[in-house]
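The next block holds one structure in the form of structure tokens; read it before the comments.
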Amino acid sequence: MPESSIIVGLLLLALALAVLVLWYSNTRISRKLPKVGDTAPAFTLPDQNGTTRTLADFRGQWLVLYFYPRDDTPGCTEQAGRYRDAMRDLEALGAAVCGISVDSSDSHADFSRKYKLPFTLLADREGTTAARYGSLRNFGILKFAKRNTFLIDPQGKIAKVYVRVNAGRNAQDVGIDLKALTA
């Protein structure tokens, strides 16, 4: 009995250490959030149609770049639906919208079709772009994008950063700030 309890204790200690290491690595990634005034990190990613899109494709217009954890989950569906419903107002202010997660282009295509999303969804399968934006949760074999949003101005500079956003209010908050910035 004592020998098995030592083994269990060591396994629990190893698990606690692994959780601590993952937490620390995710905290360090979060510190790499671009700041207002920084040049937005470049990206080259496939969209829901398999077309390669880059940050440069959006030059000359405002870009709402929002990171979200997973297609077709409750919070992500609500956030995408709010952006869908706000698209006319955002476009009137000169903005395009792109959602990014680590899901595949095929998953994005299904999600976009199911909820009639009129904006680009980018597939960041390796999490490289999410990491550049300080928006990656990396648990080794599991990766998720953090729910962060970046408002990028027409010159490619970060104009506003939204961290740990509320899925139900994100589109509205961005719309208010975009209106103020373009007034």
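Taken together, the values in this text are just the output of simple stated rules run on the coordinates, not laboratory data. Predicted model, so just to flag it, every value in this text is computed and none were measured. No Cβ is skipped: glycine too gets one built from the backbone with ideal geometry, and neighbour counts run over all protein chains shown.
Any chance you could count how many residues in region 133-159 are aliphatic (A, V, I, L, M), part of a strand (DSSP E or B) and free of Cβ contacts under 8 Å to residues at least 60 places away in the same chain?
Number of matching residues: 1.
Would a scan of region 103-124 turn up a residue that is of a type in the set (S, T, N, Q), free of Cβ contacts under 8 Å to residues at least 24 places away in the same chain and over 14 Å from residue 62 (Cβ atoms)?
Yes; the residues of region 103-124 include at least one that is of a type in the set (S, T, N, Q), free of Cβ contacts under 8 Å to residues at least 24 places away in the same chain and over 14 Å from residue 62 (Cβ atoms).
Consider residue 102 carefully, then state whether it is of a type outside the set (Asp, Glu), within 27 Å of residue 50 (Cβ to Cβ) and surrounded by 15 or more Cβ atoms within 10 Å (Cβ to Cβ).
For residue 102, the condition - of a type outside the set (Asp, Glu), within 27 Å of residue 50 (Cβ to Cβ) and surrounded by 15 or more Cβ atoms within 10 Å (Cβ to Cβ) - is met.
Go through region 71-101 and give me each residue that's outside any helix (DSSP H, G or I) and either in contact with a Ser or Thr (Cβ under 6 Å, 6 or more places away or on another chain) or not charged (D, E, K, R) (or both).
Selection gives 71, 73, 93, 94, 95, 96, 97, 98, 99, 100, 101.
Would you confirm whether any residue within region 163-173 is assigned to a strand (DSSP E or B) and either farther than 21 Å from residue 91 by Cβ or among the hydrophobic types (A, V, I, L, M, F, W, C) (or both)?
Checking region 163-173: not a single residue is assigned to a strand (DSSP E or B) and either farther than 21 Å from residue 91 by Cβ or among the hydrophobic types (A, V, I, L, M, F, W, C) (or both).
Of (1) in contact with a Leu (Cβ under 6 Å, 6 or more places away or on another chain); (2) crowded, with 17+ Cβ neighbours inside 10 Å; (3) not aromatic (Phe, Trp, Tyr), residue 137 satisfies all except one. Which?
Every listed condition holds for residue 137 apart from (1).
Which members of region 63-111 meet the condition of being touching a His at 6+ places or on another chain (Cβ under 9 Å) and within 24 Å of residue 159 (Cα to Cα)?
Answer for region 63-111, where residues must be touching a His at 6+ places or on another chain (Cβ under 9 Å) and within 24 Å of residue 159 (Cα to Cα): 99, 101.
Residues of region 102-113 being assigned to a helix (DSSP H, G or I) and within 30 Å of residue 140 (Cβ to Cβ), which ones?
Selection gives 105, 106, 107, 108, 109, 110, 111, 112.
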